[in-house]
């Protein structure tokens with residue numbers, strides 16, 4: 001789905017919310033709430049009042065990695081974006097060129113056997129493209145410990161619409177957990193970024209529950225907007241039980257981020273029951289496939305060409321997404337990972353009227 005709109009430069013969030021205002025969760029973050037084609041404007045701090053007791057938020061616990069590392073191919077300077085940790089010690093990577101402004105631009109794909117030299121003498125050897133027909137991402141084999149390399153020499157992946165480099169802490173959400181094997185996300189699961197301990201406590205006090213899942217995100221296709229590649233995920237048994245119980249009890253299952261949708265929808269069976277699951281998911285949620293578990297979604301504002309919009313359309317419908325994005329433009333909402341958020345909820349249906357009995 002491509003939206004017939006253009007996002008002006010001034011609506012691209014260039015710095016985190018706490019550098020524009022008082023904090024991640026305060027008045028500097030706005031929240032557009034859509035129920036069908038009905039749209040309302042809120043602050044993110046009003047989320048506990050917008051949701052209701054019995055609702056369940058599905059949150060991604062994957063931490064963000066310092067996934068960008070400088071290197072060389074021959075005498076040429078490059079930047080390696082580590083995308084996904086594969087099986088057998090391989091990594092999927094994207095090779096990019098520095099653009100002189102602290103960010104990067106696309107670079108022609110590599111070739112089998114090509115070698116990239118990184119700090120501490122680590123070498124990457126190209127093996128094969130991750131997907132047939134595309135040479136953006138390649139499987140490589142590293143001569144050293146990649147998680148240690150990222151900790152010592154990595155920095156968060158940064159795109160050209162941002163103003164400057166930021167510390168890794170800026171890219172971590174309140175739900176992020178460390179993984180012993182150094183696993184994590186190449187890019188922040190950014191829909192959860194405005195949450196703070198205070199907001200979580202208020203939600204819990206109002207009867208909203210949380211179900212943690214994990215999906216380690218790969219490198220987005222910033223220029224060509226390709227569908228997502230395979231990613232590692234896990235839906236724990238306890239979270240599966242919480243999701244099934246919420247649905248059975250009339251609560252709404254609201255995914256925090258498209259990553260949470262992909263994980264949960266990868267764990268549902270043909271009978272509609274969510275079960276514990278882990279491994280790789282290749283699922284792409286489209287309007288044709290639809291959603292089987294998720295009732296709502298909290299997400300950022302995506303570019304008009306982004307493949308993520310297919311997922312939004314699967315949940316809310318094409319007309320509703322188009323209407324919401326027109327409102328976001330008119331309301332001067334901010335786009336991308338440091339910007340404002342969009343909460344999709346089911347349409348409110350009026351309760352049927354009950355006629356009182358007539359007595360003779």
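Descriptive notes on the structure:
- Put a dot 7 Å past the Cα of residue 107, heading toward its Cβ, do the same for residue 347, and the two dots end up 5.0 nm apart.
- Viscosity 1.306 mPa s, 10 °C: Kirkwood-radius Stokes-Einstein D of region 38-138 over Cα pairs, µm²/s: 95 µm²/s
- Over the chain, the fraction of Cα-Cα pairs per 20 Å bin, rounded to whole percents and listed from the shortest bin up, is 29, 57, 12, 1, 0.
- Once Rg and the Kirkwood radius are both taken over the C-alpha atoms of region 174-253, their ratio Rg/Rh works out to 1.01.
- For the listed peptides 212-219, 171-178, a ranking on the average number of other beta carbons within 10 Å per residue, highest first, reads 212-219, 171-178.
- Kirkwood Rh and Cα Rg combined as Rg over Rh, evaluated for region 290-348: 0.94
- Relative packing of 97-106, 195-204, 321-330, which averages over residues the other C-beta atoms within 10 Å, highest first: 321-330, 195-204, 97-106
- A straight line joining the Cα centroids of region 167-188 and region 45-71 runs 11 Å.
- Mean Cβ count within 10 Å, highest first, over the residues of peptides 113-123, 331-341: 331-341, 113-123
- Were the residues from residue 9 through residue 76 laid out at 0.36 nm apart, the gain over their Cα-Cα distance would be 21.0 nm.
- Note on region 201-316: Cα Rg divided by 2.2 N^0.38 Å, N the number of residues, gives 1.06.
Any read-out appearing in this document is the output of simple, stated calculations on the displayed coordinates, not a laboratory observation. This one's a predicted model, so the numbers in the text were calculated from it and none came from an experiment. Methodologically, a virtual Cβ is constructed for each residue, glycine included, from the backbone with ideal geometry; neighbour enumeration extends over all protein chains shown.
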